[in-house]
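Any read-out appearing in this document is the output of simple, stated calculations on the displayed coordinates, not a laboratory observation. Only a predicted model underlies this, so the values are computations on that prediction, with no experimental measurement involved. All Cβ positions, glycine included, derive from the backbone under ideal geometry; neighbour counts span all protein chains shown.
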Amino acid sequence: MEGCGFRRDLVNSKRVVVKVGTSTLTYETGKINFSKIDKLVMILSDLINQGKEIVLVTSGAIGVGVSKLNLLSRPETTREKQAVAAVGQCELMHIYGRFFSDYGHIVGQILLTKDVVENECSKKNVINTFETLLEKGIVPIVNENDSVAVDELETGINRVFGDNDTLSAIVAELVKADLLIILTDIDGLYDCDPRKNSCSKLISVVEEITPEIEKCAGGVGSKRGTGGMVTKLLASKIAVSAGINMVIANGDNPRVISSILNGKEVGTLFVKGKK
């Protein structure tokens with residue numbers, strides 16, 4: 001199947017996980033971009049009205065907390081980050097709840113830590129929660145539980161996913177999604193860093209994640225987020241291995257989500273593997 005054939009396959013995606021990063025939700029100033037959030041929620045609401053099932057994985061708790069508290073910069077210590085995230089998560093859900101309500105939809109919050117999905121009992125409970133929310137037409141909004149997730153707790157258990165790109169792929173696997181869309185501040189995966197090389201070319205379709213493809217991933221992302229193309233490539237491995245298509249695209253205009261689901265050639269499509 002050629003690239004356009006793989007793209008046409010996305011049209012039939014019913015259950016879709018959409019991940020948005022801090023850079024999609026805020027301005028360069030660090031302040032909340034209400035206009036873009038409104039557009040994002042409008043697009044997702046319209047897809048739900050068409051019969052799609054949408055799960056939203058969102059970063060931004062710390063970024064929104066920084067904005068809410070009028071801080072001059074992101075906190076540096078773990079305890080400060082956790083406190084700011086606690087404030088930011090409340091504000092973030094308030095914003096999403098208000099905008100989704102304007103378009104006739106209800107949201108439900110799910111905060112996860114790594115140990116929850118690694119324990120079979122709690123993992124099953126999380127899956128049941130997702131399924132019940134979706135059955136009732138409620139939009140699950142997912143984030144890592146930043147107020148309790150640290151590198152190592154006293155128990156010695158690693159409770160962090162490391163980034164919400166990885167989290168979104170795990171969520172997509174949990175809910176048996178047809179498609180994972182990761183919105184970021186770049187158009188997709190390039191053959192080399194487009195910020196450093198003007199001759200770089202966007203890779204439209206990745207059918208196999210080879211060592212050559214892995215070399216195309218650069219370093220960290222924007223100063224407002226924590227991820228980069230490396231984390232998105234790791235997410236793609238999780239997704240395609242679970243039989244889920246994944247697209248990386250620029251979230252500057254949320255309408256890109258509709259374009260992806262209409263089979264248009266935008267972003268980079270990682271083609272699902274055969275289970």
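Couple of notes before you dig in:
- Three-way shape call for the stretch 98-143 based on the alpha-carbon gyration tensor, with the a/c threshold at 1.5: oblate
- Cα-projected label distance for D187 with N49, points at 7 Å along beta-carbon direction, nm: 3.1 nm
- Pair C121, D102: separation of 7 Å Cα→Cβ label points (nm): 4.4 nm
- Top positive-direction residue, dipole computed over the stretch 3-270 with Cβ charges, set N125, S259, Q109: S259
- Look at S147, S241 and count the other Cβ atoms within 10 Å of each Cβ; fewest to most, that gives S241, S147.
- Long hydrophobic helices in the chain: the complete DSSP H runs spanning 27 Å or more by Cα along their own axis with mean Kyte-Doolittle hydropathy of at least -0.5 are 78-102.
- In sequence order, calculated HN-Hα J values of the stretch 183-188 (Karplus, 6.51, -1.76, 1.60; Hz; x Gly/Pro): 8, 9, 9, 9, 5, x
- Beta bridges per DSSP with both ends in the chain, % antiparallel, nearest 5: 20 percent
- Listing T77, T129 from fewest to most neighbouring C-beta atoms within 10 Å gives T77, T129.
- Summary value for the chain: 24 percent relative contact order, contacts being C-alpha pairs under 8 angstrom separated by 6+ residues.
- Shape call, the stretch 3-270: gyration tensor on alpha carbons, a/c limit 1.5: rounded
- The chain, helix-only ellipticity at 222 nm - DSSP H runs n ≥ 4, -39,500 (n - 2.57), divided by all residues, nearest 500: -12500 deg cm²/dmol
- Förster radius 35 Å - calculated FRET efficiency between S204 and E131, Cβ distance, rounded to 0.05: 0.55
- Dipole magnitude of the chain, debye to nearest 20 (Cβ charges: Lys/Arg +1, Asp/Glu -1, about Cα centre): 460 debye
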